[in-house]
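Take a look at the structure below.
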Amino acid sequence: MNSFNPNIDLSYYKTTKQGKCQWRLSYQLKSEQPDLKDLLDMTDTSLPLVVQKGNPNLKNTINHLFHGNIGQIKTKHQQNASLDFDYQLAKRSVAQALIYNQSTGVSTYTPQNVNGNWSTDLKLRWGRAIDSLNHWRINADLNTKFYNCSDYTSKIEKQMIIPYRTSVRNLTIDENIKLSYQIKNTLVSIFNHTKWNHITSSQQDFYNFNAWDICYGLELQKPLTKHIEMQTDMTMYHRCGYNDKTMNDHNFVWNSSLSYSLLKNNALIIKLQAHDLLHQLSNVRTVMDAMGRTETWYNTIPSYVMLHLIYRLNVLPKENK
């Protein structure tokens, strides 16, 4: 089925002796069809307690995407700065509505269109060399995002739990700053990443909260001999403010690697990499999704040692005679 998906893009670019500057504005309209299995007028009862129904009345999802960018690069101090703005509005998104029968224990899922999904995103990036020799450099990013997520949840009426539309609002402020010093092939960096989440909703039994994810640490890359190079990083992770106490944790993670170069032009590299040397990370990780619900991932391997064998193959193009 053909659909109308217009795309408008306006841009300006200028280069001078001092550097470059540009701006861009764009708009895109995207139409997405529901999955074929959701459109089938049939009922799947292969699982006795989980019934999946189709909905032939589902409509296409319409996405409006706006993007704006202003950027500048200056040759002096190797300075760069940019500002990005994004706005996305989704009409008739597809969500799974749940009806639960308490007397039989059967959950019935039916796809339905839902409105109210939108997001705004503002990103600011800046970086420059500090000293005249360009050994010291600082980079900073600031990202602010506010989005509204709409879905179907359930409420109890008599003996049935029926679906109703709900919304969860998320405000995220994300900051990254990094200070680096490089001389020849030696690079040392200190960094900080702070993320603040403010999640609210008017639905019943929803606990509003403010959560912080903070990490800071040190990175080092240094050649030990002509053929041996060491890389290491040490990072402290903090999470606090979550209603689930298992998510408020503190972990110190140390990773390191050694690489040895062989053959002409260092074509062959043998690299030994170790992750989480102090065994601080757990194999169970709990995170927060856009609807304020927790998701737990199992069967990960946080601490490991891996040996890499890397061969670089450089083939030059033949000259035309």
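Read the figures in this text as sums done on the coordinates, not as results from a lab. As the structure is a computational prediction, the values presented were derived from the model and not from experiment. Don't worry about glycine lacking a Cβ; one is built from the backbone with ideal geometry, like all the others, and counts go over all protein chains shown.
Determine, from the Cβ-Cβ distance of Lys17 and Leu307 and an R0 of 56 Å, the FRET efficiency 1/(1 + (r/R0)^6), rounded to the nearest 0.05.
Values: r = 49 Å, r/R0 = 0.88.
Efficiency for this residue pair is about 0.70.
Show me, for region 199-216, the HN-Hα J-couplings you get by feeding each phi into the Karplus relation (A = 6.51, B = -1.76, C = 1.60, θ = phi - 60°), rounded to Hz, glycine and proline as x.
Residue by residue, region 199-216 yields 10, 9, 7, 8, 6, 5, 6, 9, 9, 5, 7, 10, 10, 10, 10, 10, 9, 8 Hz.
Any of Lys178/Lys245; Lys226/Lys271; Lys14/Lys76; Lys74/Lys184; Lys17/Lys74; Lys30/Lys123 with alpha carbons more than 19 Å apart? Name them for me. Can you show the working numbers first?
Working: Lys178/Lys245 30 Å; Lys226/Lys271 15 Å; Lys14/Lys76 17 Å; Lys74/Lys184 23 Å; Lys17/Lys74 9 Å; Lys30/Lys123 23 Å.
Check vs 19 Å cut-off fails for Lys178/Lys245; Lys74/Lys184; Lys30/Lys123.
How large is Rg over Rh for region 252-291, taking Rg from the Cα atoms and Rh as the Kirkwood inverse mean of 1/r across Cα pairs? Each step should come with its number before you reach the end.
Working: Rg = 17.2 Å, Rh = 13.3 Å.
Rg/Rh for region 252-291 comes to 1.29.
What are the extents of the Cα atoms of the chain along their three principal axes, listed from largest to smallest and rounded to whole Å?
75, 51, 50
For region 241-291 and region 12-47, write down the distance between their C-alpha centroids in whole Å.
32
When a footprinting reagent is the concern and you count Cβ atoms within 10 Å, what order do Thr45, Thr166, Thr235 take, fewest first? Display every interim value, and only then the final one.
Values: Thr45 13, Thr166 20, Thr235 16.
The most exposed by this proxy come first: Thr45, Thr235, Thr166.
Under a Cβ-Cβ cut-off of 12 Å, what is the net charge of the residues other than Leu262 that fall near it, where Lys and Arg count +1 and Asp and Glu count -1? Please list the in-between numbers first.
Details: positive: Lys226, Lys264, Lys271, Arg312; negative: none.
Summing Lys and Arg as +1 and Asp and Glu as -1 gives +4.
How are the alpha carbon pair distances in region 54-200 distributed across 10 Å bins from zero to the largest one, expressed in percent?
Cα pair-distance distribution for region 54-200, in percent: 10, 24, 22, 17, 13, 9, 4, 0.
Full extension from Thr286 to Asn69: what is 0.36 nm times the residue separation minus their Cα-Cα distance, to one decimal in nm? Please list the in-between numbers first.
Values: separation 217, 0.36 × 217 = 78.12 nm, distance 3.47 nm.
Taking 0.36 nm per residue and subtracting the Cα distance, the gain is 74.7 nm.
Please give me the summed charge of the neighbours of Lys184: other residues whose Cβ is under 14 Å from its Cβ, Lys and Arg +1, Asp and Glu -1.
Values: positive: Lys222, Lys226; negative: Glu229.
In short, +1.
Working from the pairwise distances between different alpha carbons, so that the mean of 1/r is found and then inverted, what is region 41-91's Kirkwood radius in Å?
Every distinct Cα pair counted, the radius reaches 16.1 Å.
State the Kirkwood hydrodynamic radius of region 184-321 in Å, one decimal place, computed from all pairs of distinct Cα atoms.
Working: mean 1/r = 0.0536 Å⁻¹.
Hydrodynamic radius (Kirkwood, Cα pairs) of region 184-321 is 18.7 Å.
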